[in-house]
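Bear in mind that the values in this text are calculations on the coordinates, not laboratory data. Because the structure is a prediction, the values reported are computed rather than measured. Quick reminder, even Gly has a Cβ in these numbers, built from the backbone with ideal geometry, and neighbours come from all protein chains shown.
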Amino acid sequence: MKILVIGADGYLGWPQTMYLSNKGYEVGAVDNFSRRMWDLECGTESLIPIHSLHERINAWKELTGKTIEMFIGDITDYNFIANVIKNFSPEAIVHYGEQRCAPYSMIDRKHAVFTQVNNIVGTLNLLYAIKEFCPHCHLVKLGTMGEYGTPNIDIEEGFIEIVHNGRKDRLPYPMQPGSFYHLSKVHDSQNIMFVCKVWGLRATDLHQGVVYGVETDETQIDERLATRFDYDGIWGTVLNRFCVQAAIGHPLTVYGKGGQTRGFINIRDTMRCIELAILNPPKEGEYRVFNQITEWFTIFELAQLVQKVAKKKDLNVKISQPPNPRVEAEEHYYNVKHTKLLDLGLKPHYLSNVLLESLLDIVQRYSYRVKEETILPYVNWRSLQNPVGYIAKAPKIGKIGEKESLLGFGGEVTKTFKEMPSLSNTPRR
Ligand code: NAD
Ligand code: USQ
């Protein structure tokens with residue numbers, strides 16, 4: 001079976017490409033490397049060093065004998081994506097290729113507009129190309145749990161039965177997204193649902209929660225196959241961030257009250273969910289939604305979990321609660337239906353102490369690469385104009401034990417200067 005992965009150079013796209021290739025699928029990989037550009041723009045960088053897509057694909061071939069076909073281009077360019085679909089003729093398309101970051105989308109007007117154009121136009125082009133050149137193909141699209149927001153009722157899997165004035169219908173679940181990025185996903189969902197109805201396409205919209213972890217069977221084969229790991233205040237997601245903060249002795253940054261509850265999923269389960277969706281396609285004309293999470297936590301619970309596990313490794317981690325740079329409910333009801341992927345056979349890897357310890361081990365191995373000036377968040381949802389990136393700081397040489405205030409939001413986060421590790425113990429590449 002031929003599968004096209006769009007966004008194949010990204011955090012999830014690269015391990016997914018290898019995962020599917022390893023299972024014997026014939027895989028094509030699309031990316032325009034924009035994520036690497038956005039890092040340059042923001043002064044941020046993956047904690048784990050990553051190789052170029054060319055090097056990754058060559059290393060994969062060298063190590064496994066398997067070939068991945070690469071297509072470099074932007075899916076907002078219709079000619080590009082139409083040619084790829086026409087020539088590769090996939091039976092399934094896994095679409096990861098979007099601007100996926102809420103804070104980036106809230107920097108200012110330009111970044112909000114860019115995010116929505118990139119995501120909505122890219123996906124709309126893809127829908128037209130599928131209709132024109134491969135109408136039977138199954139689109140597996142990455143959406144987000146953040147499309148639903150945090151309503152005061154149970155969250156269903158995409159649709160809800162409503163009785164209104166004595167009449168009953170099954171309607172799309174009401175959406176209350178919390179950033180211009182999350183809004184772009186809602187617009188995508190509407191467009192996809194619409195073309196399934198009018199053109200008879202088939203699609204699975206995966207409303208995925210926050211993903212954590214970096215290790216899959218394939219990334220572990222060789223360090224050249226590693227995937228990216230973001231920890232900074234723009235691109236880093238919460239659990240990955242807390243692990244890095246714990247490893248470098250930075251207080252964990254729980255925004256506001258910390259009662260925000262989010263669905264989470266291990267990166268290994270993400271890989272498997274996509275495969276399960278592909279193996280069990282919808283009927284032609286069907287648009288379906290799976291909620292792709294395995295468990296949920298409040299942000300404060302997560303911080304306490306990281307604190308507890310870090311203690312076992314002799315890391316004395318503090319929790320800080322800076323004012324929330326986002327506008328979101330900080331205490332709310334949360335109960336999500338997520339049975340469809342379990343029914344298809346998903347066996348979740350839950351967040352255990354052992355798993356968290358191994359994540360901390362990985363992070364500690366690379367902690368010499370952490371750019372401390374990029375830890376704190378600065379994109380404020382209430383402001384129309386935020387700075388675009390971090391200003392790279394030349395490392396300050398402070399006296400051992402001296403404290404430096406780090407927080408721009410008026411909280412009380414400080415860094416204490418520590419003795420430098422001796423060079424012989426510093427991992428070098
Ligand atoms: P990522 O930024 O690491 O990867 C996205 C990739 O898509 C990048 O390599 C980027 O260069 C590419 N891309 C973006 N726009 C493109 C375009 N116009 N043309 C071609 N390529 C383009 O993101 P990720 O964390 O791997 O997320 C992948 C998808 O999964 C996103 O759609 C995201 O919304 C969704 N998702 C991610 C998470 C998470 O926790 N990481 C959770 C839920 C949903
Ligand atoms: N948070 C903190 N402290 C931090 C970082 C985050 O308290 O240092 C809080 C945020 O305020 C938020 C929650 O943690 O309430 C999650 O934030 P996040 O940055 O981990 O995740 P989010 O911005 O929602 O986006 C990420 C991915 C996105 C995906 C989404 C899934 O970047 O691509 O769509 O997770 S979901 O959250 O289910 O919408």
³J(HN,Hα) across region 348-355 via Karplus (A = 6.51, B = -1.76, C = 1.60, θ = phi - 60°), whole Hz, x for Gly/Pro? x, 9, 7, 6, 9, 4, 5, 5
Histogram of C-alpha separations across the chain, 10 Å bin width, %: 4, 21, 32, 26, 12, 3, 0, 0
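Excluding Ile75 itself, calculate the net charge of residues whose Cβ lies under 11 Å from the Cβ of Ile75, where each Lys or Arg counts +1 and each Asp or Glu counts -1. Let's see the in-between values first.
Values: positive: none; negative: Asp31, Asp74, Asp77, Glu98.
After counting each charged neighbour, the total is -4.
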Under the rule that a partner needs its Cβ under 4.7 Å from the first Cβ, which Cys of the chain have none? Cys42, Cys101, Cys196, Cys243, Cys273
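Could you please report the charge total around Glu286, scoring K, R as +1 and D, E as -1 over all other residues with beta-carbon less than 15 angstrom from its beta-carbon? Mind dumping the intermediate values first?
Numbers: positive: Lys141, Arg170, Lys197, Arg202, Lys283, Arg288, Lys340; negative: Glu157, Asp205, Glu284.
Every neighbour counted, the sum reads +4.
Could you give the size of the charge dipole of the chain about its Cα centre, using +1 on the Cβ of each K and R and -1 on the Cβ of each D and E, expressed in debye and rounded to the nearest 20? List each step's numbers first, then the result.
On the way: 49 positive and 49 negative charges, 97 e Å.
In debye, rounded to 20, the chain gives about 460.
What length, rounded to one decimal in nm, is gained on full extension from Leu315 through to Tyr78, with 0.36 nm per residue of separation minus their alpha-carbon distance?
Working: separation 237, 0.36 × 237 = 85.32 nm, distance 5.09 nm.
Full extension from Leu315 to Tyr78 adds 80.2 nm.
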Calculated on alpha-carbon atoms, Rg and Dmax of region 1-157 in Å: 16.5, 52
What is the magnitude of the charge dipole of region 154-250 about its Cα centre, with +1 placed on the Cβ of each Lys and Arg, -1 on the Cβ of each Asp and Glu, and no other charges, expressed in debye to the nearest 20? 520 debye
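What number, rounded to the nearest 500 deg cm²/dmol, is the helix-based mean residue ellipticity at 222 nm of the chain, given -39500 (n - 2.57) per DSSP H run of at least four residues and division by all its residues? Can you show the working numbers first?
Numbers: 13 runs with 141 residues, N = 429.
Computed ellipticity for the chain at 222 nm equals -10000 deg cm²/dmol.
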For Gln99, list long-range residues whose amide hydrogen, built 1.01 Å from N in the peptide plane, is under 5 Å from its own amide hydrogen. Asn119
If the elastic network links every pair of Cα atoms under 10 Å, which of Phe159, Phe71, Phe180 fluctuates the most in the Gaussian network model of the chain? Phe159
Between region 359-394 and region 331-350, what is the separation of their alpha carbon centroids in Å? 31 Å
If Lys and Arg each add +1 and Asp and Glu each add -1, what is the summed charge of the other residues whose beta carbon sits under 14 Å from the beta carbon of Ala310? +3
Can you list residues from other chains, or at least 5 along the same chain, whose modelled amide H is less than 5 Å from the amide H of Tyr148? Gln176
What list of ³J(HN,Hα) values in whole Hz, one per residue of region 208-220 in order, does the Karplus curve 6.51 cos²θ - 1.76 cosθ + 1.60 (θ = phi - 60°) give from phi, with Gly and Pro shown as x? 8, x, 6, 9, 10, x, 9, 9, 10, 4, 7, 5, 6
Cα long-axis angle, helix 180-199 against the chain (0 to 90 degrees, to the nearest 10): 10 degrees
